Amino acid sequence: MRMSNLYMPTLREVPSEAEIPSHQLLLRAGMIRRLASGVYSYLPLGYRVIRKIEQIVREEMDDSGSQELLMSAIQPRELWEATGRWEDFGPEMFKLNDRNTREFCLGPTHEESFTDMIKGELKSYKQLPTNLYQIQTKYRDEKRPRFGLMRCREFIMKDAYSFDMDEEGLERAYEKMWKAYERVFDRLHLDYRIVQGDTGAMGGKVSHEFMAMSDVGESLVAYCKDCSYAATDEKAKVVYEISEKEEEVLEMEKVHTPDVTTIEALTDFFGVDPSNFAKALVFMVEEQPVIAVIPGDRDLNETKFSNYLGVGSHDIEMADERIILDITGADKGFTGPVDLKEDVRIIVDSRISKMKNLVVGGNETDYHIKNVNYARDFEGEIVEDLLLVEENDTCPECASELKMDRGIEVGNIFQLGTKYSEGLNAHYLDENGKTNPFEMGSYGIGVSRSMAAIVEQFHDEDGLMWPLNTSPYGVIITVININNEDQMKLGEKLYKDLKSMGVEVLLDDRKERAGVKFNDRDLIGIPVRITVGKRAGEEIVEYSIRGEEGREELEEKEVISLIVDLYREEGMALKNR
């Protein structure tokens, strides 16, 4: 491609709405443009990257035995009602009516559609196992779209669905997809970690997420350096140590605590560790008040809380001060589980039931109660673990310390079981003529999010630094002075020769200053760089790699040889080579 003809509207200034490097650089490099909040267009350079990522995904999915198709993005309400997700999915679902008032959604995912499609086609165990996938645009009405391609209302995703006879078959399919995903993210050159994930609205019992590690990642990952344990902060099991020493159970005592409403202030007031307190947090869950009671030195894991209650996160919100006053008779900051004014559902972390002589809110403004003990003084529904994991917590598998890092979720895999096949009455006949529901798996890769993740891991202060196999072009030839006959002649020859080999190459033949050309070259991040300058008459050019120090002056044939070697190392085929 000649850059004099290339649509590449680069920006010199960082757009004000762009907060993280991938968002800033993709906008500045003319690869994406914002159409509306959370909605982006892919310009020529950016779309070439998307297609490169798609091709890597497609090759590994095909190699694993999955078959590609393309489903409609529009899905009827009836399918989602059959599985209970029309309401459960929540306000992130785009819903619409046709001219006949029939209700549809723009697909945020496609479990229902794939299950409905195969139920009339896959009828015998002889047709199993089957794995189908698509690469398609998905839609989710995010409350707060942000960070460019990281959290969008419209995004490109690969989603696959496996159909098996039994749990053993599902586990084999799950393992096969796991390995395929490792190959995909290895080929994308991402630094990633595989972690246990929460199944959430997808359902099922087992899920893993593929996290591209990044300081700007929205997900927190807890992992152990001494064993293989790793999980998202939503999923991570919290090992919370409780004192083993014998302690006398004391009588409750109300204490005047004027204006003491935080754990920090209570710690100073009572002169004890925060672990001696119990926090009572009031939520509205589907318009009903619910209190969660957890140790005072920890935070509530709202995902574990909502999973226990069997509701979506969108159905839970913190209660306002008016509701707290109605329930407790006290201002916010003095809520406790003892002698509540109204009969309220109380959910208790299991560690609270084993702790002695706790300090809790007194349900009276400016008062707390000390020496409160579970069972004697209050009761509730005990849940094994409601806590959010923290750095240096004990690993639940080997008892070492857990570490925390941030990551970008670029892939996820789920063992769905029979949730969708039973809900949509999708069955097959086994070898004995018995009807059984399909065992299903679901597997997603964020294609557009992977593009952003690559940028987060491969950039510097000057711009993008694409790996060769995802770069929009592999080579860029910069002609310093297009009015110099020798320079243009050599530039054109290299351009023609490389194209004939199958190399995707840019020729910068623009009427711009050398500094502008070099800045743009750094910004768009093409990996292999050839500069045609003063020694063009000797057929000598300058050769360099984006992000690497050092430049070499080489003859044309030497440059071609180096490029061939680079492509071979990456496993990228060239014509006649």
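Give the long-range amide H neighbours of K279: residues separated by 5 or more places, or on another chain, with amide H under 5 Å away, using H modelled in the peptide plane at 1.01 Å from N.
For K279, whose amide H was placed from the backbone, the distant partners under 5 Å are I294, G296.
What net charge do the residues around Y428 carry, taking every other residue with its C-beta under 14 Å from that of Y428, with Lys and Arg at +1 and Asp and Glu at -1?
That works out to -3.
In the structure displayed, which of K179/K304; K332/K370; K237/K354; K205/K304 lie more than 21 Å apart, Cα to Cα?
K179/K304
How much of M1 can a 1.4 Å solvent probe reach, expressed as accessible area in Å² and rounded to 10?
Solvent-accessible area, nearest 10 Å²: 70 Å².
Order the following by accessible area, largest value first: E209, E246. Probe radius 1.4 Å; ligands, DNA and RNA are ignored. All intermediate terms of the calculation are to be shown ahead of the outcome.
Details: E209 15, E246 170 Å².
Accessible-area ranking of E209, E246, largest first: E246, E209.
What is the sum of charges around R322, taking Lys and Arg as +1, Asp and Glu as -1, for the other residues whose C-beta is under 12 Å from the C-beta of R322? Let's see the in-between values first.
Values: positive: K332; negative: D320, E321, D326, D331.
Result for the neighbourhood of R322: -3.
So if I take the alpha carbon set of the stretch 144-234, get Rg, then get Rh from the Kirkwood formula, what is the Rg over Rh ratio?
0.97
Assuming R0 = 45 Å, what is the FRET efficiency of I482 and D98, from their Cβ-Cβ distance, to the nearest 0.05?
Details: r = 55 Å, r/R0 = 1.23.
The value I calculate is 0.20.
For the stretch 320-450, with equal point scatterers placed on the C-alpha atoms only and solvent neglected, what are the log10 I(q)/I(0) values from the Debye formula at q = 0.17 1/Å, to two decimals?
The Debye formula, applied to the Cα set alone, gives -0.97.
Just grab the label-to-label distance for L325 and E78, each label 7 Å out from Cα along the Cβ direction, in nm (one decimal).
If labels sit at L325 and E78, their model points lie 5.1 nm apart.
Calculate what fraction, in whole %, of the accessible area of the stretch 83-150 sits on carbon and sulfur atoms when a 1.4 Å probe is rolled over the protein chains.
The nonpolar share, carbon plus sulfur, comes to 45 percent.
So what does I563 come to for accessible area, using a 1.4 Å probe and Å² rounded to 10?
Only protein atoms counted, so the area is about 0 Å².
Which semi-axes, in whole Å and largest first, does the equivalent ellipsoid of the stretch 1-95 have when worked out from the alpha carbon gyration tensor as the square roots of 5 times its eigenvalues?
33, 22, 12
Evaluate the relative contact order of the stretch 151-295 (contact order divided by residue number), counting alpha-carbon pairs under 8 angstrom at least 6 apart; express in whole percent.
11 percent.
Tell me, what is a quarter of the convex hull surface for the C-alpha atoms of the stretch 213-323, in nm² with one decimal?
11.3
Give the span of the stretch 430-538's Cα atoms along each principal axis, as three whole-Å numbers ordered largest to smallest.
80, 34, 20
As a test question: what accessible area, to the nearest 10 Å², does I194 have when a 1.4 Å probe is rolled over all protein chains in place?
So the heavy atoms of I194 present about 40 Å² to solvent.
As I understand it, the value is the acute angle between the Cα axis of helix 447-457 and the longest principal axis of the Cα atoms of the chain; what does it come to in degrees, rounded to 10?
80
What's the angle, to the nearest 10 degrees (0 to 90), between helix 514-524's Cα axis and the longest principal axis of the chain?
For 514-524 against the chain, the angle is about 40 degrees.
Which whole-number percent of Cα pairs in the stretch 510-577 have a distance greater than 18 Å? Intermediate values should be presented prior to the final figure.
Details: 1063 of 2278 pairs.
Tail fraction, whole percent: 47.
Can you work out D for the stretch 372-435 in µm² s⁻¹ from Stokes-Einstein, where Rh is the Kirkwood radius over C-alpha pairs, the temperature is 25 °C and the viscosity is 0.890 mPa s?
In µm²/s, the coefficient rounds to 137.
Which order do R99, R85 take when ranked by solvent-accessible area (1.4 Å probe, heavy atoms of all protein chains), largest first?
In descending accessible area the options line up as R99, R85.
Find, to one decimal place in angstroms, the Kirkwood hydrodynamic radius of the stretch 198-257, where the mean of 1/r is taken over every pair of different Cα atoms and then inverted.
Value: 16.0 Å, from the Cα pair sum.
What is the Cα centroid distance between the stretch 139-209 and the stretch 23-43, reported in whole angstrom?
Between the Cα centres of the stretch 139-209 and the stretch 23-43 lies a distance of 24 Å.
Please give the per residue accessible area of the chain, computed with a probe of 1.4 Å over protein heavy atoms only, in Å².
So the chain comes to 47 Å² accessible per residue, rounded to a whole number.
Express the carbon and sulfur contribution to the solvent-accessible surface of the stretch 200-254 as a percent, rounded to the nearest whole number, probe 1.4 angstrom.
Working: 1430 of 3170 Å².
Carbon and sulfur: 45 percent of the exposed surface of the stretch 200-254.
Ordered by residue, what ³J(HN,Hα) values in Hz, to whole numbers, does the stretch 169-184 give under the Karplus form 6.51 cos²θ - 1.76 cosθ + 1.60, where θ = phi - 60° and Gly and Pro are x?
Values, residue by residue: x, 4, 5, 5, 5, 4, 5, 5, 5, 3, 5, 4, 5, 4, 5, 4 Hz.
Could you work out the local net charge near K356, counting Lys and Arg as +1, Asp and Glu as -1, over the other residues with Cβ closer than 11 Å to its Cβ?
That works out to 0.
Among the DSSP beta bridges whose two residues both lie in the chain, what percent are antiparallel, rounded to the nearest 5? Please list the in-between numbers first.
Details: 93 of 116 bridges.
Looking only at bridges with both residues in the chain, the antiparallel portion is about 80 percent.
Work out from phi, with θ = phi - 60° and the Karplus expression 6.51 cos²θ - 1.76 cosθ + 1.60, the ³J(HN,Hα) of each residue of the stretch 478-486, listed in order in whole Hz, and give x for Gly and Pro.
For the stretch 478-486, the Karplus curve yields 9, 8, 5, 10, 6, 7, 8, 4, 4 Hz.
Report, to the nearest 10°, how far helix 44-63 tilts away from the longest principal axis of the Cα atoms in the chain, using its own Cα long axis and a range of 0 to 90°.
70
Average projected area of the Cα convex hull of the chain, in nm²?
The directionally averaged projection comes out at 34.2 nm².
For the stretch 1-143, what is the relative contact order in percent, using Cα pairs closer than 8 Å and at least 6 residues apart in sequence?
Computed over the stretch 1-143, the figure is 21 percent.
Which cysteines does the chain leave without a neighbouring Cys Cβ under 4.7 Å?
C105, C152
Using the Karplus equation 6.51 cos²θ - 1.76 cosθ + 1.60 (θ = phi - 60°), what ³J(HN,Hα) coupling, rounded to whole Hz, does each residue of the stretch 391-397 give in order, writing x for Gly and Pro?
Listing the rounded values in order: 3, 6, 4, 7, 4, x, 9 Hz.
Once amide H atoms are built 1.01 Å from N in the peptide plane, which residues 5 or more positions from D393, or in another chain, come under 5 Å H to H?
For D393, whose amide H was placed from the backbone, the distant partners under 5 Å are L402.
Using alpha carbon centroids, what distance separates the stretch 248-319 and the stretch 498-577, in Å?
62
Please give me, ordered by residue number, the trypsin sites (Lys or Arg not before Pro) of the stretch 220-257 that lie in loop per DSSP and have at most 14 other Cβ atoms within 10 Å. Walk me through the numbers before you get to the answer.
Working: sites: K225, K235, K237, K245, K254; in loops: K225, K235, K237, K245.
Answer by residue number: K225, K245.
If I take all pairs of Cα atoms in the stretch 248-377, what percentage of them are more than 27 Å from each other?
Percent of Cα pairs beyond 27 Å in the stretch 248-377: 13.
How large a share of the accessible area of the stretch 373-491, in percent, is made up of carbon and sulfur atoms when the probe is 1.4 Å and the other protein chains stay in place? Before the final figure, lay out the partial values.
Values: 1790 of 4560 Å².
C and S atoms contribute 39 percent here.
The values are calculated or read from the model by the stated rules, or taken from the named source; none is laboratory data. What you are looking at is a predicted structure, and each value in this text was computed from that prediction instead of being measured. Note: ideal-geometry Cβ built from the backbone for every residue, glycine included; neighbour counts use all protein chains shown. Keep in mind that these areas ignore ligands, DNA and RNA; they rest on the heavy atoms of the full protein, side chains included. Shrake-Rupley method; radii C 1.70, N 1.55, O 1.52, S 1.80 Å.
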